[in-house]
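The values are calculated or read from the model by the stated rules, or taken from the named source; none is laboratory data. Everything numeric in this text was worked out from a predicted model, so none of it was measured. With ideal geometry, Cβ positions are generated from the backbone for all residues, glycine too; neighbour counts draw on all protein chains shown.
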Amino acid sequence: MLLGGLLQLLLLQQQRGESSYVIVYWAKRLQLLVSSVAVIFDFVILGYSIADNDGRALTHSIILLISAIIPLVHFLVKYRSEQSQNQRKKQELRKQILLARKLQPNSFNRQIYAQKEQEAKQVLLKKQDEEQGAKEIEEKKDINEERDKEQD
C-alpha cells in the first residue's frame, strides 16, 4: 500500500514536471515515520511479552514506550523546525520578489520617469544656453571695450 502510494505520487510529480528528488525526500521522511511507529509497536509488544513472564507489565511497557517515543518526538521536532525554516526562507524570497517588483518600473512609471528626465534635461539645456549666452555677451563687451580703447 505504501509502495503504491509512492508510485502514484511519483507519477503525479512527473506529470507536473517536478523533480523526483522531492519524492525521494518525502519517501525517506515517510519511511522514517513508519519505522518509528513500527519500533514503538514492537517495544509495546515486547513490553507486554516481558510482563507476561515477569509480572511487572506496567513498568516494562512504560519504560519501553518512552524509549521508543523519544526518537519519534525528536524526529517531529526536527521536521517542524525544518518546515519553519523553509517557510521563513519562502517568506523572505516572496518579500524580495515583491520588493524587486516595486523597484522595477512598470510601463506607466517608465513614461513618467522619461517625461521627468526629459524636463530635467530641458531645464539643464536652458541653463547651459543662458550661461553660454551670458559668456558670449561678456566676450562681445570685452571685444567692444578693446576696440574702443584702440580707437582712442
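Tabulated values for the structure
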quantity: Long-range neighbours under 7 Å by Cβ, at least six apart or interchain, first residue assigned to a helix (DSSP H, G or I) within the stretch 139-152, second not aliphatic (A, V, I, L, M); calculated: none
quantity: Some residue of the stretch 75-91 being at pLDDT below 80 and assigned to a helix (DSSP H, G or I); calculated: yes
